[in-house]
Amino acid sequence: MERAYGETMGDYFAEQQAALQIRSAALDHHVAVTHMRYDGPGTGFTDPVPPQPALLMAVQLKPLLKHNLWVDGKDMRVKPYPAGALTMMDLQASPMANLASSYNCVQLYFARGALDALSEAEGVARFGEIPLINGGEDTILAHLAQMAVFAVSHVGPATPLFLEAMALSVHRHLLKQYFGRAPASTAVRGGLAGWQERRVKEYIEAHLHAGIGLLALAEQAQLSPSQFGRAFKASVGITPHQWIISRRLARARALIAQPHLSLAEVARLCGFADPSHLAREFRKSEGVSASAWRKAFAING
């Protein structure tokens, strides 16, 4: 697949959309979170999605009052979906829809390769046949979908670390709820060993400018991702995401003091998604804007 599935949503659904994706190198970019929204009277028939080995889930954020759905050419005779309704299907089935009313939903795409990578990282067997769920109720996935909407908004933590943590939560839930298997144990005795904590922190410092993922951090500690998150917090007292933000802010404070660097350059060198991401985190930490902090530093020396 040359492009993340979320980037091609407009090809199959509507041109008017709020489609933002988060990418993970560890998952080979084969996971996409897409917020789909259309406030008009509907966008009509979608093009058939080309068959591909992947799982697609959609959680409705508002009621979908009028639509039709075909899977493998079969009319599913759907009823209106309430807010929170879940649709899950294997994209080998070439789904097609007629969207005859406004819609607002989150779509989660997992290529088989991404599901297999998560299973391998967690030390569990790969998923079997993906069940078809048409308008079902799943409060856990509905909650994760709400988190996803925030993550891909202009104020959200749209980072590889967040994406992989969310993907792992979805994976564990699917494993238990729909595939009848217990997820791998997340129990750990105490926190990280000294060598594990040191190795993880060194990796973070060396990669602050880049996207840092949960799977890569867990690999440094030679733990499963689920075990790593708990062990790191037990040792450090905060989550990996909070630690990474704190280290990026420490680097940002040093770089902001250098007047020849623009704030956009500082954001890039520190691994923030964009200057606005740096601005939000800096103000949250320091209580003033980055530009005001720079001026104060210049005055006080």
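Can you list the strands (runs of 3 or more DSSP E) found entirely within the range 47-126 that contain at least 3 residues being within 22 Å of residue 151 (Cα to Cα)? Can you show your working first?
Values: elements: 54-60, 67-71, 85-90, 96-99, 103-111.
In the range 47-126, the matching strands (runs of 3 or more DSSP E) lie at 54-60, 85-90, 103-111.
Considering the range 135-150, the residues that are of a type in the set (A, V, I, L, M, F, W, C) and touching a Leu at 6+ places or on another chain (Cβ under 9 Å) include one that is surrounded by the fewest Cβ atoms within 10 Å (Cβ to Cβ), namely 142.
If you go through the range 197-217 and keep only what is modelled with pLDDT of 95 or more, in contact with a helix residue (DSSP H, G or I) (Cβ under 6 Å, 6 or more places away or on another chain) and over 24 Å from residue 255 (Cβ atoms), you end up with 197, 199. One residue is enough: does the range 116-134 have a residue meeting the conditions surrounded by 15 or more Cβ atoms within 10 Å (Cβ to Cβ), among the basic types (Lys, Arg) and assigned by TED's automatic domain parsing to the domain that holds residue 89? For the range 116-134, residues surrounded by 15 or more Cβ atoms within 10 Å (Cβ to Cβ), among the basic types (Lys, Arg) and assigned by TED's automatic domain parsing to the domain that holds residue 89: absent. Per this entry, residue 220 is counted among residues that are within 21 Å of residue 117 (Cα to Cα), at pLDDT 95 or above and among the polar types (S, T, N, Q).
Here are some residues: 224, 235, 262. Which one is of a type in the set (Ser, Thr, Tyr) and out of contact with any helix residue (DSSP H, G or I) (no Cβ under 8 Å at 6 or more places or on another chain)? Outline the logic, then answer.
Details: 224 fails: out of contact with any helix residue (DSSP H, G or I) (no Cβ under 8 Å at 6 or more places or on another chain); 235 fails: out of contact with any helix residue (DSSP H, G or I) (no Cβ under 8 Å at 6 or more places or on another chain).
Within the list 224, 235, 262, the selection yields 262.
In summary, residue 7 fulfils each of the numbered conditions (1) modelled with pLDDT of 80 or more; (2) outside any loop (DSSP other than H, G, I, E, B) with the single exception of condition (1).
Would it be correct to say that residue 50 is under 24 Å from the mean Cα position of the chain (by Cα), surrounded by fewer than 18 Cβ atoms within 10 Å (Cβ to Cβ), at pLDDT below 90 and of a type outside the set (A, V, I, L, M, F, W, C)? Against the criterion (under 24 Å from the mean Cα position of the chain (by Cα), surrounded by fewer than 18 Cβ atoms within 10 Å (Cβ to Cβ), at pLDDT below 90 and of a type outside the set (A, V, I, L, M, F, W, C)), residue 50 qualifies.
The values are calculated or read from the model by the stated rules, or taken from the named source; none is laboratory data. All values derive from a computational prediction rather than experimental measurement. Counting neighbours? That spans all protein chains shown, and the Cβs are built from the backbone with ideal geometry, glycine included.
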